[in-house]
2 protein chains.
Amino acid sequence: MHHASDILLTLFLVFIAAQVGAEIAQRLRLPGVVGEIAAGAVIGPSLLGWIQPDQVLPGTPLDVLAEIGVVLLLFSVGLETRLEDLKKVGKTAFLVGVFGVLVPFGMGGVWAHASGFPWGKSLFIAAAFVATSAGITARVLQELGALQRVESKVILGAAVIDDILAMLLLGVVVSLQGGAGFDPLKLLVVLASAVGFIALVGLGGARVMRWNSTWLEKPHSPHSPLAIVLALCLGLAWLSTLLGLAAIIGAFLAGMIASETRQQHTLEKQTQPLLSLLTPFFFVITGSKIDLAQLASGEALAMLAVVTVIAIVSKLAGGWLGALALGRRSAAIVGLGMVPRGEVGVVVASLGLAAGVFSDRIYAIIVAMSLLTAMVTPPVLAWLLKRHPVQETTAAG
Amino acid sequence: MHHASDILLTLFLVFIAAQVGAEIAQRLRLPGVVGEIAAGAVIGPSLLGWIQPDQVLPGTPLDVLAEIGVVLLLFSVGLETRLEDLKKVGKTAFLVGVFGVLVPFGMGGVWAHASGFPWGKSLFIAAAFVATSAGITARVLQELGALQRVESKVILGAAVIDDILAMLLLGVVVSLQGGAGFDPLKLLVVLASAVGFIALVGLGGARVMRWNSTWLEKPHSPHSPLAIVLALCLGLAWLSTLLGLAAIIGAFLAGMIASETRQQHTLEKQTQPLLSLLTPFFFVITGSKIDLAQLASGEALAMLAVVTVIAIVSKLAGGWLGALALGRRSAAIVGLGMVPRGEVGVVVASLGLAAGVFSDRIYAIIVAMSLLTAMVTPPVLAWLLKRHPVQETTAAG
């Protein structure tokens, strides 16, 4: 009984820390995810020590729970992502998505290489600069009642493209880490396999689901549509690791396929409780891996400041460039809306740490940067949106 | 990446095996849980070997997922259990619950002792004869559209009392396993601590929740009522292991407390997806632990037949005795409705195996008995209900 008791206590502590952290963050008008990561840093080895480093090694129960949590999170992001949305939001969103990825990736990579990292490592670090957290952005826009604004639509559309491009980049940079350095042929193979997998599963699967999804309801099980797509999620997550891609890519694709079904709304609702239970493990354990001692030097803090400024400026510039057709003010709102990093940046940092590509310091700095961008954006975005209440397509709901 | 790939593959295989097993069972008009356990036996070491014994040892990721699964399952059973229901269904349900526990416990214990087990072990084995699976019974009644019948209300009410008494018995027999044998004082302490914990948490918590549950909605988190009760569930599960009780007792109490809130219906709906994802791990891993070789002798099969007959006859007799006030035909329906064992019988068997109290053979026989009672009941119950469509309180819905 004692062993079960220990594990239940750890699960309880991680879960409650996440809730307390998220609650404090939200009362400070910050995204909940910021609080969950911070809670992890507090209960981790750096401070309270409620989680020990050997409890979160790969293959431990906490590590597996965190993995399931992030797989489900990206599954749910996929579930909110429809191929059709990409078409509707059109050229502006596409340009914002592309520039919003290229500028941070370029600036991040150049900075990392200039800081002395080899190109392979630099591109991995650069990938952590890329992905906008669609969840954070959407939650902020929703809280402000601004989802009907044209800028919001562009931001959400661009976040979709951003997600896909970031996934692709992530797949590429992860596969580049074989110690083999920068091999153009390998890059091409990785790119082709990533694009092939994504195209085959994503486009083909979406087409099948749109054509007919009644078979999802054929099983007699009361859990049937959800259970089938969860099986799909786990299966595609496994398949993408088998191809050398990140598990979350498969999970995202599974979600995107499922979003084409008639049951999409039900699935979205049913996925929420799974996120409530399991994503806290990912964020708290992520936070617990930040070695605060690594940030305790002037040099590290200076590096953090530089990285954060690059992350903000590059995303703002990329989004602004892409959205210029809307006018400069709206373009600024769009650019700012793209700034928050979150899940994916942290995922890249975790992968980098697990693969031994990132040092503890780089990991701590990148996670802290993701936190800072997510912390800085919401208040400024709220201020900008209230100052420029012009560009609405319909009355704000 | 390879390690993550292995774990994802195992998760996928366990999950898909559960779905396939449940689907086959349900097409054969058997409860899904029967199929999930059978699927575990098939993919376990006895047959396909997709799960190896060292993957399900205490503290492994699969073991922890199974533990979370069963904790959530009993939480959801608690969520369907209101203190008020106990009052409404009244004396008959109470008598059915009590006799339905005492007769199987007595007959099971006497049989086990007569078979040569010492009393401590015999009572543990007897506890596995006790608990009706409220889930299986309710699902069968619902499928038959018979939930409005007076027998159904008595069965469901009795299942609640049965659950609580079974939990109590389980707590008692688990604590008796300290190698100290049958110590009346220890029994009293265990009983008092179990009753005290259950009374304090259950009655007190229920009163607090009924008095005011608006504080559940105070947090800013979008997951807030669910996340708080999940924290409560993990916390009470841990606390009950700390007191030497089973984790599921705390989880059940957490559910029962939460059922007193205004948010009970929402919580019940939100718990379903958690069960979809996590309980299959419990049942499949449970099934994978059945060593089919242990049942491959004439002696073992004879023992299984005796155990199953005792389990059916004792529950039928106990329920019938308790429900005689409804007339003999209705009493037979009630008695039969109480026959299916399931979750709790399997939980007792798992605890017995983990504590080293049960041999592999006894474990295999008790799990197989739980399966058989769950398999036998539904068709006979359907037949009886159709033959006697008299006792309805309102038109069947």
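The values are calculated or read from the model by the stated rules, or taken from the named source; none is laboratory data. In this text, all values refer to a predicted model and were calculated from it rather than measured experimentally. Please note: Cβ atoms are built from the backbone with ideal geometry, for glycine as well, and neighbour counts cover all protein chains shown. Only protein heavy atoms, including side chains, enter the accessible area calculation; ligands, DNA and RNA are left aside. Shrake-Rupley method; radii C 1.70, N 1.55, O 1.52, S 1.80 Å.
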Exercise for the section: Output the residues belonging to the stretch A:277-298 that are away from chain B (no Cβ under 14 Å), surrounded by 24 or more Cβ atoms within 10 Å (Cβ to Cβ) and among the hydrophobic types (A, V, I, L, M, F, W, C). Expected result: A:Ile290
Handout entry: Selection within the stretch B:318-333 - in contact with a Gly (Cβ under 7 Å, 6 or more places away or on another chain) and open to solvent by 20 Å² or more (accessible area, probe 1.4 Å)
Key = B:Trp320
Handout entry: So B:Leu321, is it assigned to a helix (DSSP H, G or I), free of Cβ contacts under 8 Å to residues at least 60 places away in the same chain and under 17 Å from B:Thr132 (Cβ atoms)
Key = no
Exercise for the section: Using the structure shown, decide if A:Val103 is at pLDDT 95 or above, part of a helix (DSSP H, G or I) and more than 13 Å from chain B (Cβ to nearest Cβ). Expected result: yes
Exercise for the section: Restricting attention to the stretch B:106-122, report how many residues are part of a helix (DSSP H, G or I), more than 27 Å from B:Trp320 (Cα to Cα) and open to solvent by 40 Å² or more (accessible area, probe 1.4 Å). Expected result: 2
Problem - Candidates A:Leu301, A:Leu336, A:Leu253, A:Leu274 - the one that is surrounded by fewer than 18 Cβ atoms within 10 Å (Cβ to Cβ) and in contact with a Leu (Cβ under 7 Å, 6 or more places away or on another chain) - result: A:Leu301
Fill in the blank from the handout: Taking the stretch B:237-265 and keeping residues of a type in the set (Gly, Ala, Ser), on the phi < 0 side of the Ramachandran plot and either within 14 Å of chain A (Cβ to nearest Cβ) or in contact with a Cys (Cβ under 9 Å, 6 or more places away or on another chain) (or both) leaves B:Ala237, B:Ser240, B:Ala246, B:Ala247, B:Gly250, B:Ala251, B:Ala254, B:Gly255, B:Ala258
Handout entry: Boolean, B:Leu73 is more than 11 Å from every other protein chain (Cβ to nearest Cβ), under 21 Å from the mean Cα position of the chain (by Cα) and closer than 25 Å to A:Ile228 by Cβ
Key = yes
Handout entry: Residues that are open to solvent by 10 Å² or more (accessible area, probe 1.4 Å) and at the interface with chain A (Cβ under 8 Å from one of its Cβ atoms), drawn from the stretch B:224-234
Key = B:Ile228, B:Leu234
Handout entry: Unmet requirement for A:Ile248, which otherwise passes all of (1) over 21 Å from A:Val64 (Cα atoms); (2) buried (at least 22 other Cβ atoms within 10 Å of the Cβ)
Key = (1)
Practice task
Pull up the stretch B:15-56, narrow it to residues that are closer than 17 Å to A:Leu65 by Cα and more than 9 Å from every other protein chain (Cβ to nearest Cβ), then point me to the one that is surrounded by the fewest Cβ atoms within 10 Å (Cβ to Cβ).
Solution key: B:Gln55
Practice task
From B:Phe197, B:Phe182, grab the single residue that is away from every other protein chain (no Cβ under 14 Å) and modelled with pLDDT under 80.
Solution key: B:Phe182
Fill in the blank from the handout: Scanning the stretch B:351-367 for residues that are in a helix (DSSP H, G or I) and surrounded by 22 or more Cβ atoms within 10 Å (Cβ to Cβ) gives B:Leu351, B:Gly352, B:Ile362, B:Tyr363, B:Ala364, B:Ile365, B:Ile366, B:Val367
Practice task
Being polar (S, T, N, Q) and under 13 Å from the mean Cα position of the chain (by Cα) is the filter; apply it to the stretch B:323-372 and report the residue that is modelled with the lowest pLDDT.
Solution key: B:Ser350
Exercise for the section: Kindly establish whether A:Ser152 is open to solvent by 10 Å² or more (accessible area, probe 1.4 Å) and at pLDDT 75 or above. Expected result: no
Problem - Whichever residue in the stretch B:261-271 is open to solvent by 10 Å² or more (accessible area, probe 1.4 Å) and in contact (Cβ under 8 Å) with a residue 60 or more places away in the chain and, among such residues, is farthest from B:Leu62 (Cα to Cα) - result: B:Gln264
Practice task
Scan the stretch B:236-256 and give yes if some residue there is without any contact (Cβ under 8 Å) to a residue 60 or more places away in the chain, of a type in the set (Val, Ile, Thr) and assigned to a helix (DSSP H, G or I), otherwise no.
Solution key: yes
